[in-house]
Each structure stands twice: as C-alpha cells, then as structure tokens.
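The values are calculated or read from the model by the stated rules, or taken from the named source; none is laboratory data. Since the structure is predicted, the reported quantities are computational estimates derived from the model, not experimental observations. Glycine gets a Cβ as well: all are built from the backbone with ideal geometry, and neighbour counts include every protein chain shown.
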C-alpha cells in the first residue's frame with residue numbers, strides 16, 4: 001500500500017474499491033481514480049468464453065462459478081490492487097438483467113472468502129449517466145451477451161421499459177471467426193487471433209461510405225488475411241433487421257422509445273448514450289446516430305470512451321459516497 005493511500009485511510013478518507021465485472025471483461029481500481037488499475041479479459045483468464053451464460057444452470061454450476069470468481073478476485077487483489085481486502089468496502093456494477101445467482105456467487109466470494117466489510121451494487125445504466133454528467137439518458141449498453149436499452153430519468157432507472165436483443169459482442173466474435181475461416185486456414189483463427197483482429201481491424205461502414213482497405217495480421221504460424229469487405233461486413237449484424245426476438249440495435253432503441261411516456265420521449269431520444277466495448281469500433285457511434293436519425297451523447301457530452309463509462313461512473317459514485325443496494329457481512 002502506498003504512503004499516500006495509507007495516510008488517506010488514517011485520516012478517515014472513505015475510499016472504496018470499485019469493480020465493473022461483466023461476463024467477459026473485468027475493470028477494477030479505487031474510487032476517485034481517473035482510470036482502472038486493471039483491465040483484463042476475465043473470461044480468457046479463467047479459460048472460458050464467458051464467465052456465465054444467459055441459460056446458466058444456477059443449481060448445478062454455482063460451485064464452479066464461485067471457484068472461478070475466487071481465482072479472479074484473488075488475482076485482482078494480489079497482483080494489481082495490492083491491498084488488504086478486509087480494509088476496503090467494495091462498490092460493484094449490476095446489470096439490470098443480471099442473474100441473481102451470479103450476484104450471490106460474487107457476494108459469497110467477496111464477503112466470505114475475501115472478508116470485505118461491505119458490498120454495494122449500482123445499476124450499470126445509472127453509472128453511465130453519472131459518467132456523462134447527466135441525470136437522464138436513454139442508455140444503450142452493447143454488452144458481450146446481449147444489447148440492453150433502458151431509460152434513466154432523474155437518476156432513476158426505469159427497468160419496466162427495458163428492451164433487449166441478443167446481438168452483442170459474443171455474436172460479433174462468432175461471426176468474425178466464421179468469416180475469417182473462409183479466407184484463411186482454420187488453424188490460424190485461434191481465439192486470441194480473433195480477439196486481436198476484432199479490437200484492431202474492424203470498422204463500421206457508413207451508410208454510403210467508402211470501402212475499407214485489406215488488412216493483414218501477422219502471427220507466428222503465418223499471416224491472417226482480413227479483406228476490407230470482411231472488416232465492414234461483420235458489424236452489419238447490429239444494423240440488419242431481424243424478427244421481434246432479434247431486433248437490430250436501432251430497432252431495439254425504437255421499441256424502448258415507443259414504451260416511454262409521451263412527455264419523456266423527446267428529452268430521452270435527444271440523450272441517447274452508448275456504452276460497451278463494441279461501441280469503440282471505429283464508426284459505430286456515428287453509424288448508430290445515422291440509423292436513429294438523431295445525434296448521440298458520445299463524443300459531445302462526454303469524452304470518456306464507451307467501454308469506460310460504467311467504470312468511471314463507479315469511480316465517481318464511490319468518490320462522492322453514493323450507495324446502491326448494500327450487502328453486509
């Protein structure tokens with residue numbers, strides 16, 4: 001523990017550990033910090049595609065998840081935060097459709113194994129509005145397992161108006177892997193290579209924009225060729241119209257807006273806020289604004305990238321002493 005951090009504790013500074021743990025990525029740090037101390041692919045670190053699934057069998061798989069989360073949380077504390085877990089309260093993000101069984105497993109690890117004094121949860125969509133400096137927004141969270149749209153008004157979530165679509169980061173990864181295998185040897189398209197190409201090469205084409213250039217990713221086993229058309233084509237899965245169970249992202253936003261009370265529609269439609277790592281793909285925010293026919297808050301109301309909004313909201317909320325749903329030891 002640093003001298004400055006120890007001095008703050010002695011003077012009674014109410015500092016907390018803040019953690020944004022999703023099914024794919026974990027971000028952790030201290031309240032008041034401008035960036036997390038650790039950002040890791042939690043699923044890959046635990047040797048799995050996703051820490052949990054939407055069709056997760058809680059009764060059968062709960063012990064396995066507790067063991068996985070224990071390894072992950074210990075690694076965060078011992079290798080990155082370098083503090084005694086017993087001395088810091090923890091503030092966590094909570095997805096509005098997050099599985100209660102996953103939340104209980106995480107509390108078991110933090111309270112019973114790490115012996116933290118208290119755990120608090122705040123909704124992810126509220127945290128995004130905090131980071132954007134807003135009290136209301138129509139938050140579109142493009143996550144790993146699904147895309148979730150929920151309005152926040154007067155800093156209060158409105159879960160009864162929530163809409164979702166299964167088009168998310170995992171669907172994008174599977175589509176990219178299948179397309180890469182058509183142009184390269186399947187042995188070259190390993191999960192690490194696919195993730196690297198997904199984060200470095202993909203672009204979202206404008207509705208009437210120019211085509212992207214071809215791109216090559218070099219691996220020890222040989223080069224992986226990524227045609228320009230493939231770089232653009234993969235992200236089209238977010239905009240292509242589907243059936244009611246698999247809306248495109250713009251249609252999911254429109255479906256949520258149609259449920260809003262009439263007096264809230266205009267202010268919330270003028271305050272669309274995108275979050276999630278997928279939204280960091282070049283051109284994604286601009287394409288979404290074009291498809292919706294309205295500007296979005298990203299890039300104007302906030303300079304934080306979409307994948308950092310939830311963690312920054314946690315950091316700010318912890319710094320000012322905000323509390324959500326508390327769980328005590």
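Descriptive notes on the structure:
- Cβ separations smaller than 6 Å between residues 6+ apart or across chains give no pair from the range 279-293 residues that are outside the structural domain of residue 146 (by the TED database) and modelled with pLDDT under 95 to residues that are assigned to a helix (DSSP H, G or I) and surrounded by 17 or more Cβ atoms within 10 Å (Cβ to Cβ).
- Of all residues in the range 102-127, those being more than 19 Å from the chain's Cα centre (by Cα) and in a helix (DSSP H, G or I) number 9.
- Residues (surrounded by fewer than 24 Cβ atoms within 10 Å (Cβ to Cβ) and touching a strand residue (DSSP E or B) at 6+ places or on another chain (Cβ under 9 Å)) located in the range 133-156: 133, 134, 135, 136, 143, 144, 146, 153
- Test: residue 83 is at pLDDT 90 or above, surrounded by fewer than 20 Cβ atoms within 10 Å (Cβ to Cβ) and assigned to a loop (DSSP other than H, G, I, E, B): yes
- Qualifying residue in the range 303-311 (condition: more than 26 Å from residue 103 (Cβ to Cβ), crowded, with 18+ Cβ neighbours inside 10 Å, touching a residue at least 40 places away in the same chain (Cβ under 8 Å) and not assigned by the TED database to the domain that holds residue 36): no
- Only listed residue being part of a helix (DSSP H, G or I) and modelled with pLDDT under 85, chosen from 6, 67: 6
- The residues on offer are 156, 104, 75, 170, and the sole one that is closer than 21 Å to residue 306 by Cα and free of Cβ contacts under 8 Å to residues at least 60 places away in the same chain is 156.
- Scanning the range 157-192 for residues that are within 30 Å of residue 225 (Cα to Cα), in a helix (DSSP H, G or I) and in contact with a strand residue (DSSP E or B) (Cβ under 6 Å, 6 or more places away or on another chain) yields a total of 2.
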